[in-house]
Amino acid sequence: IMSKWLGEAEKNVARLFNSARKLAERDGLPVIIFIDELDSLLGTRRQEVGGEVRVRNQFLKEMDGLLDKDTNIHLYVIGATNKPWILDWPFLRRFQKRIYVPLPNFEAREEMFRYYTKPLKLHSKVDLEELARMTEGYSGSDIRDICQAAQIRVVSELFESGKAHEKDARPREITMSDFKEILKNRKPSTSKEMIIAYTQWSERFKAL
């Protein structure tokens, strides 16, 4: 969306919404515009350049158009952010639903381990349920990184052994010990203070 050329960024915003409207009108089906890292685009800053202000103003204009009662198309804007408290207030109130997504619970963590380890070669004694218990307070991306680290661990071990170039060389199975060693040095990316901040923001601004 952002561009170094004067006026191009807000034109990109307009093109995005126009394209989405045309799809919704043509097919009669719901269309979703998803903006990840919403705060980087629509957050408040101490120092701003003119282009950023114009982009935000264009977004306000486009989102106001979606709220027009005479509009019958199903076009939705969904944003995700880890810093909801820096979102500009005019945008915050235009998001009719404001939902706090908490850290994954036990069942979700177990399912994530199952999903991320599916393509990996695990030892039969790897206990995903136990891993889910051990990772309370970890985020979904943390669990993904743990599984990636386990695979890197066994691949690195194969290369360090000097056997990687042998015709039938394969990394060994990932064991429960591998996961435990990784967890010794990989702490959650979130803290209790962060969770408190998210919870307080949600209690103040939530709209379910």
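Miscellaneous remarks
- Residue in the range 180-189 that is open to solvent by 40 Å² or more (accessible area, probe 1.4 Å), part of a loop (DSSP other than H, G, I, E, B) and closer than 30 Å to Arg93 by Cα present: yes
- Yes/no for Glu203 being over 24 Å from Pro84 (Cα atoms) and of a type in the set (D, E, K, R): no
- The single condition among (1) modelled with pLDDT of 95 or more; (2) open to solvent by less than 50 Å² (accessible area, probe 1.4 Å) that Met63 does not satisfy is (1).
- Check on Asn72, farther than 30 Å from Lys180 by Cβ and free of Cβ contacts under 8 Å to residues at least 12 places away in the same chain: yes
- Scanning the range 37-51 for residues that are surrounded by 16 or more Cβ atoms within 10 Å (Cβ to Cβ), part of a helix (DSSP H, G or I) and either modelled with pLDDT under 75 or over 25 Å from the mean Cα position of the chain (by Cα) (or both) turns up just one, Gly51.
- Index of the failed condition, Pro171 passing every other in (1) modelled with pLDDT under 95; (2) part of a loop (DSSP other than H, G, I, E, B); (3) exposed (fewer than 14 other Cβ atoms within 10 Å of the Cβ): (3)
- Only listed residue being touching an Asp or Glu at 6+ places or on another chain (Cβ under 8 Å) and acidic (Asp, Glu), chosen from Glu157, Glu129, Glu52, Glu136: Glu129
- Of all the numbered requirements in (1) open to solvent by 30 Å² or more (accessible area, probe 1.4 Å); (2) in a helix (DSSP H, G or I); (3) of a type outside the set (A, V, I, L, M, F, W, C), Arg56 misses one, and that requirement is (1).
The values are calculated or read from the model by the stated rules, or taken from the named source; none is laboratory data. Computed from a predicted model, the values in this text were never measured in an experiment. So basically every Cβ, Gly included, is an ideal-geometry build from the backbone, and we count neighbours across all protein chains shown. Protein only, heavy atoms only, side chains kept; ligands, DNA and RNA dropped before computing areas. Shrake-Rupley method; radii C 1.70, N 1.55, O 1.52, S 1.80 Å.
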